[in-house]
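*Asks:* A single structure is presented below for examination.
The values are calculated or read from the model by the stated rules, or taken from the named source; none is laboratory data. All values derive from a computational prediction rather than experimental measurement. Counting neighbours? That spans all protein chains shown, and the Cβs are built from the backbone with ideal geometry, glycine included. The accessibility values were calculated without ligands, DNA or RNA, using every heavy atom of the protein model including side chains. Shrake-Rupley method; radii C 1.70, N 1.55, O 1.52, S 1.80 Å.
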Amino acid sequence: MGVQDGAPYCRPSRGMTDTVESIRGTLNQKYPSDGPHLPYAGVDLSGWIVAALKQKQAVQQVFMEPPVPVSSAVDYIRQRADILIKNGFIPLFIFDGATNPAKKNTNDARSAIATKAKEDLEQMYANPNETDLAKLFKLQQLAVQVRKDVLYEVLMMAKEMDIPVIGSAFEADSQIIALGKQGIIDVAVTMDSDIPYQGMCKTIMRLSVQSPDGNCCLATFTDLLQKVKSKIQDARQQDIAKARKRGSRQFDNGNSSCFVRDLCPRDLSLFACLLGNDYVCRLEKHGPQKSLRKMYDYLQLECDLAKEDFIKDYVPTAVPKSC
């Protein structure tokens, strides 16, 4: 899932205008195309595997009797790895490790959905008059879970393609952030929105294999900081405009400022928690707009406390220099 309603803040409003080829070009100074070293792209592999298993051909293979290899899922991952390789990156496959206790509610909810879908499928199979193929396929998609043989085939494919593999201690996204901060990987590749919010400088999202240069969206940490700051200011301006339109004097007496200081990494972490994510449930009846207003109130209170010396030596956490 990632950060609820968080993806639009990561993606450019103009759509998929980036390519893997162009992103590789931004790294030419560090990694010349004729040099001995290539940049690494850390892939959150669980996202690719889950997406691969939702494809029609993969779903059909999963539910075949007798069981057959889910070759289309491996092909899905191979195609995306090929795009990275052909455009000058070394993919680094990063698997999830042990289940994070903080993610228990999310995992339980997903398991419950799959269990319910399996029960509904059994009822459909038992009814000889059931002919709704669209409903059948939808339930099969919901019921699909990652099989051990699929993981094995992906590992064998990685070995065949000389793609290095890392098993995370817990979540792959946290491992990717750590590798990025250590300078081991240069970009992340993911299906979710949580990696940009955790501080990864460059994240490739929505990677397409429809063109050889790899159409995608590039989410940069600095752009995300600026975009969220702009949205916080917009929400504040909307509140002031609405109040004045209905004749309220709520924002009189110098209370109409829309100033927002530059955001820092911990501000994005707070915003991701307000929106809700795999680890923290969203507050009831709190969507993106309410979360943006809460962010303004928090930032304003923080500045007020700093002015009054309640917060000693106040300095917001800096953005990593590598970004």
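*Asks:* Sort 85, 240 from largest to smallest accessible area, using a 1.4 Å probe on the heavy atoms of the protein chains. Working shown, then result.
*Replies:* Numbers: 85 70, 240 10 Å².
Ranked from most to least accessible, the order is 85, 240.
*Asks:* With every protein chain left in place and a probe of 1.4 Å, what is the accessible surface of residue 296, to the nearest 10 Å²?
*Replies:* Estimated to the nearest 10 Å², residue 296 gives 10 Å².
*Asks:* Do you know the relative contact order of the range 184-274, to the nearest whole percent, from alpha carbon pairs under 8 angstrom that are 6+ apart?
*Replies:* Working: 91 pairs, mean separation 22.3, N = 91.
Value for the range 184-274: 25 percent.
*Asks:* Quickly work out the residue 116-to-residue 31 label distance, labels modelled 7 Å from Cα along the C-beta direction, and quote it in nm with one decimal.
*Replies:* Placing both labels 7 Å along Cα→Cβ, they lie 4.3 nm apart.
*Asks:* Given the -39500 (n - 2.57) contribution per DSSP H run of 4+ residues, what per-residue ellipticity at 222 nm results for the chain, rounded to the nearest 500 deg cm²/dmol? Show your work: numbers first, answer last.
*Replies:* Details: 13 runs with 159 residues, N = 323.
Taken over the chain, the calculation gives -15500 deg cm²/dmol.
*Asks:* Ignoring ligands, DNA and RNA, what percent of the 1.4 Å accessible area of the chain is carbon and sulfur? Please list the in-between numbers first.
*Replies:* Working: 9390 of 17690 Å².
Result for the chain: 53 percent of the exposed heavy-atom area is carbon or sulfur.
*Asks:* Cα convex hull of the range 180-305: mean projected area in nm², to one decimal? If you can, show how the numbers build up before the last one.
*Replies:* Values: hull surface 43.5 nm².
One quarter of the hull surface, i.e. the mean projection, equals 10.9 nm².
*Asks:* Helix 148-160 against the longest principal axis of the chain: what's the angle in degrees, Cα atoms only, rounded to the nearest 10?
*Replies:* On a 0 to 90 degree scale, this one is about 90.
*Asks:* A further question on this structure: Sort 244, 147, 24 by accessible area with a 1.4 Å probe, largest first. Don't jump to the answer; show the numbers that get you there.
*Replies:* Values: 244 130, 147 60, 24 20 Å².
Heavy-atom accessible area, descending, gives 244, 147, 24.
*Asks:* Rounded if a/c is under 1.5, else prolate if a/b is larger than b/c, else oblate: which is the range 1-87, with a ≥ b ≥ c the root eigenvalues of its Cα gyration tensor? Write down the numbers at each step before the final one.
*Replies:* Values: a/c = 3.02, a/b = 1.57, b/c = 1.93.
Here the range 1-87 falls in the oblate category.
*Asks:* Moving on. Rounded to whole Å and sorted largest first, list the principal axis extents of the Cα atoms in the chain.
*Replies:* The principal-axis extents, from largest down, are 75, 60, 36 Å.
*Asks:* Relative contact order for the chain: what is it in percent, counting Cα pairs under 8 Å that are at least 6 residues apart?
*Replies:* Numbers: 450 pairs, mean separation 78.6, N = 323.
Contact order relative to length: 24 percent.
*Asks:* Further, regarding this structure: Considering only protein heavy atoms, what is the solvent-accessible area of residue 171 at a probe of 1.4 Å, reported in Å² to the nearest 10?
*Replies:* Approximately 20 Å² for this residue.
*Asks:* Pick out which of 57, 123, 233 has the largest mean-square fluctuation in a Gaussian network model of the chain, springs linking Cα atoms closer than 10 Å.
*Replies:* 123
*Asks:* Could you tell me the accessible area of residue 153 in Å² (1.4 Å probe, neighbours in place), rounded to the nearest ten?
*Replies:* About 80 Å², ignoring ligands and nucleic acids.
*Asks:* Using alpha carbons only, how many degrees (0 to 90, rounded to 10) separate the axis of helix 104-126 from the longest principal axis of the chain?
*Replies:* Helix 104-126 and the main axis of the chain meet at about 40 degrees.
*Asks:* Something else: What order do 242, 202, 229 take when sorted by accessible area (1.4 Å probe), most exposed first? Mind showing how you got there, number by number?
*Replies:* Working: 242 110, 202 55, 229 30 Å².
Accessible-area ranking of 242, 202, 229, largest first: 242, 202, 229.
*Asks:* What is the distance in Å between the Cα centres of the range 133-183 and the range 22-84?
*Replies:* Using only Cα atoms to place each centre, the spacing works out to 9 Å.
*Asks:* Which of the trypsin sites (Lys or Arg not before Pro) found in the range 26-119 are in a DSSP loop and have at most 15 neighbouring Cβ atoms, other than their own, within 10 Å?
*Replies:* Values: sites: 30, 54, 56, 78, 80, 86, 103, 104, 110, 116, 118; in loops: 30, 54.
Filter output for the range 26-119: 30, 54.
*Asks:* Working from Cα positions, state the angle (0 to 90°, nearest 10) between the long axis of helix 133-143 and the longest principal axis of the chain.
*Replies:* Result, in degrees: 70.
*Asks:* Percent antiparallel among DSSP beta bridges with both residues in the chain, to the nearest 5?
*Replies:* Working: 6 of 20 bridges.
About 30 percent, rounded to the nearest 5.
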